[in-house]
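Working notes for the structure below.
The values are calculated or read from the model by the stated rules, or taken from the named source; none is laboratory data. The structure displayed is predicted, hence computed values, not measured ones. All Cβ positions, even for glycine, are placed from backbone atoms using ideal geometry, and neighbour counts span all protein chains on display. Note: areas computed on protein heavy atoms with side chains; ligands, DNA, RNA excluded. Shrake-Rupley method; radii C 1.70, N 1.55, O 1.52, S 1.80 Å.
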Amino acid sequence: MTITPSIFVLGASALPMARRIQEAYSGARVFGLQGRADAADVTYANFGEALRQQYRQGSPIIALCAAGIVIRTLAALLTEKGAEPPVLAIAEDGSAVVPLLGGLAGVNEIAKTLANHLGVAPAITTSGELRFGTCLLNPPPGYAVDLEQGKRVVSDLLGGATVQLNEDTPWLKNADLPLAARGDRRVVVSPYRSEDPHTLVIHPRVVLACVAPDRDISREALDHALSAARLAPQSLAALIVTGVPQAVPKLALLAQDVGVPLRFVDDAGVLGPVEWETQDLSLHVANDSTCADSMGIARGSLHVVGLGPGAAGYMAPAVRQALDAAQDVLGYETYVKMAGPFRGDQCLHASDNREELQRAAHAFELAAQGRRVVMVSSGDPGVFAMAAAVLEALEASDDSRWHGVALHIVPGITAAMAAASCAGAPLGHDFCLISLSDNLKPWSVIEHRLRHASAADLVMAFYNPISKSRPWQLGQALDLIRGYRAPDTQVVLGRDIGRPAESLKLTTLGELTPDQVDMRTMVIIGSSQTRRFSSGKREWVYSPRWYPADSR
Ligand code: SAH
């Protein structure tokens with residue numbers, strides 16, 4: 001089975017070993033501590049938070065540090081419900097490979113593979129595994145066992161019992177089990193439950209529980225139906241809803257609760273013979289245990305995210321999470337690059353196409369196919385960026401598949417805030433954000449707003465201040481503002497904030513000329529109250545929280 005582990009290092013000395021381990025897994029990423037291992041693929045500021053986030057997402061974890069550190073970091077999460085991903089600690093010099101958690105998620109297999117890759121012996125401590133060379137309780141994907149029953153049979157075998165296998169467990173062929181044609185114990189593969197204490201039933205995940213979209217069923221009703229049909233709960237492969245994918249919050253919770261995917265099919269006819277039926281629910285038994293993934297589609301999602309100004313530390317964790325989970329990523333090429341690194345299995349649709357509505361339509365089409373799609377903007381997606389275009393496309397659409405997509409707008413730090421923070425607090429009092437681009441609104445509207453904002457003594461932050469195709473607009477805007485504000489009005493110019501070429505210039509309205517500004521610049525024009533002062537070697541600009549009592 002291929003996995004995509006997150007490899008953690010605390011310092012640069014562990015990086016070479018991390019890279020060596022990374023070779024064994026395509027798409028794996030190395031996480032390094034900020035300031036200590038900046039050459040890693042992803043840097044984190046807090047080891048505990050970063051590790052726990054990966055764990056909660058179910059990512060396999062390989063940590064190149066003391067096992068104790070990993071155990072202490074994850075201890076509080078171990079009692080949480082949910083799947084336990086494989087977690088391994090590996091000595092920085094590659095001399096020890098220690099599987100820690102995720103016995104049922106194949107951690108021993110990973111330990112064996114890695115140890116083999118590194119030329120050492122894995123530290124396997126599972127008795128059944130040591131004796132039989134395999135873990136009976138960890139069948140291949142698509143199969144599940146009843147753990148209580150399984151543990152009982154494994155300890156019987158460890159105690160000297162023999163076992164009888166039949167043809168349908170090919171993955172146990174090479175195991176070193178105490179086989180006997182008429183063994184004391186039996187291993188069988190079946191979706192049905194068994195009460196026989198001497199039989200280990202391996203359940204293929206073949207049962208599909210199908211619900212109409214306007215019906216909600218409870219956990220009790222589902223359990224009851226499975227039990228009435230004598231089917232084992234472990235055989236459940238998917239919860240199926242008929243119709244176009246849409247929000248079905250209660251069923252989504254139920255699917256999460258029982259740990260199966262929620263899929264949508266046009267017609268229940270494709271699900272195979274009905275095994276059990278009530279008014280709300282039908283149970284079907286498919287003949288293939290990989291059926292859940294190919295049965296219908298998932299409800300797709302579209303996250304419209306803001307990357308912030310550029311620096312990784314200024315990106316919201318919710319954005320990083322959406323990017324990590326994405327199957328498709330769309331956006332301007334520069335921003336898609338900024339959002340990386342990506343795994344090999346993620347599809348990038350970078351464009352220099354300025355047609356925002358077309359891009360929004362492309363995103364909805366992908367999401368309507370059941371894919372997890374992320375659309376990236378710089379700064380905040382709702383500030384002169386893609387979120388409004390996406391909503392405009394959705395409002396104009398009568399495609400029920402688009403309206404069924406799980407749409408989320410995830411905020412980011414907008415350029416005005418990022419630039420303001422570099423200068424101090426110029427937005428410390430009332431302010432407005434204005435785009436000087438007249439591509440999508442008439443210049444007269446912009447002038448009207450500038451006049452009112454100037455008259456109201458608002459601090460103004462200008463987006464899209466100037467470009468090759470809009471060379472005169474900024475000069476005209478400044479002329480207009482000079483009619484209201486004094487030449488010593490404070491001005492902040494922030495260029496490429498949060499990016500390698502970042503620069504900041506503090507000036508005044510009297511000295512400001514359009515040639516100091518380009519399309520990568522944020523222009524902040526202070527109010528009559530905005531001030532500048534020096535402290536030590538630097539200067540600060542801020543707008544006080546108060547106004548003089550005698551002002552307008
Ligand atoms: N959604 C973005 C804004 C897009 S409009 C946001 O919320 O920040 C593009 C304009 O934003 C640019 O012309 C520039 O004025 C400003 N801008 C975007 N990123 C910037 C950065 N890193 N530094 C300075 N200005 C930036």
**Request:** State the number of lysine pairs found in the chain whose Cα atoms come within less than 25 Å, restricting to pairs 8 or more positions apart or on distinct chains.
**Result:** 9
**Complete:** Residue span THR278 to TYR547: 0.36 nm per residue of separation minus Cα-Cα distance leaves a gain in nm of 89.8 nm
**Message:** So if I place +1 on the C-beta of Lys and Arg and -1 on the C-beta of Asp and Glu, and nothing else carries charge, what would the dipole magnitude of the chain be about its Cα centre? I want it in debye, nearest 20.
**Reply:** 1520 debye
**Request:** Take every Cα pair under 8 Å in the stretch 134-238 that's 6+ residues apart, average their separations, divide by the length, and report that relative contact order as a whole percent.
**Result:** 27 percent
**Fill in**
So, with points 7 Å from each Cα along the Cβ direction, the HIS408-HIS117 label distance in nm works out to 3.0 nm
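Using a 1.4 angstrom probe, figure out how much accessible area the stretch 143-204 has per residue, in square angstrom, rounded to the nearest whole.
Per-residue accessible area for the stretch 143-204 comes out at 53 Å².
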**Local electrostatic count at THR2 - Lys and Arg +1, Asp and Glu -1, tallied over other residues with Cβ under 12 Å** = -1
**Complete:** Over the stretch 301-413, with neighbouring protein chains present, the accessible area per residue in Å² at probe 1.4 Å is 44 Å²
**Request:** For the stretch 98-105, take each phi angle, set θ = phi - 60°, evaluate the Karplus expression 6.51 cos²θ - 1.76 cosθ + 1.60, and give the result in whole Hz per residue in order, putting x for glycine and proline.
**Result:** 10, x, 10, 9, x, x, 8, 9
**Prompt:** Taking the Cα-to-Cβ direction at ASP438 and at ALA396 and moving 7 Å from each Cα, how far apart do the two end points lie in nm?
**Reply:** 2.4 nm
**Fill in**
Mean accessible area per residue over the stretch 441-488 (1.4 angstrom probe, all protein chains present, square angstrom) is 49 Å²
**Message:** Taking all protein chains in place and a 1.4 Å probe, what share, in percent, of the accessible surface of the chain do carbon and sulfur account for?
**Reply:** 52 percent
**Message:** Please compute the contact order of the chain in relative form: average sequence separation of alpha-carbon pairs under 8 Å and at least six residues apart, divided by the residue count, as a percent.
**Reply:** 8 percent
**Asked** Gain in length, ARG354 to GLN516, computed as 0.36 nm per residue apart minus the alpha-carbon separation, to one decimal in nm?
**Response** 55.8 nm
**Asked** Over the stretch 143-204, what is the mean sequence separation of C-alpha contacts under 8 Å (at least six apart), divided by residue count, expressed as relative contact order in percent?
**Response** 40 percent
